[in-house]
Amino acid sequence: MNITEVKISPISGDEKLKAFATVTFDDCFLVRDLKIINGKKGFFVAMPSRKMKDGTFKDIAHPLNNAMRQKLEEKVLEEYNKAIEKQNS
């Protein structure tokens, strides 16, 4: 499965949440509302999730293995950095 497009929507005014991302796979499957978070150990990508009745959150969509998670996170953060550079220039 290839990542064919990543769209970044930066957020201002939030200390941790920096942007939302929309990712297209193989030009035929779209996943919205990935979150780019500035955490204690740096930036990471949080998958779209839903709040459950007990107050916990459960991912709606997520990679099934570490290799795909790493590939997805690298691509999303790469596009985020490009968007921020473009915004600041």
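The values are calculated or read from the model by the stated rules, or taken from the named source; none is laboratory data. Values in this document were obtained by computation on a predicted structure and should not be read as measured data. As a convention, Cβ positions derive from the backbone with ideal geometry for all residues, glycine included, and neighbour counts pool all protein chains shown. Areas reflect the complete protein model, heavy atoms only, side chains present, ligands, DNA and RNA absent. Shrake-Rupley method; radii C 1.70, N 1.55, O 1.52, S 1.80 Å.
Multiplying the sequence separation of residue 85 and residue 70 by 0.36 nm and subtracting their Cα-Cα distance, what value in nm do you get? Result: 3.2 nm gained on full extension. Using Cβ point charges alone (K and R +1, D and E -1), the dipole size of the chain about the Cα centre works out to roughly 360 debye. In the full protein context, the chain carries 75 Å² of accessible surface per residue, based on a 1.4 Å probe and ignoring ligands, DNA and RNA. As a size descriptor, the averaged projected area of the C-alpha convex hull of the range 47-89 was calculated at 4.1 nm².
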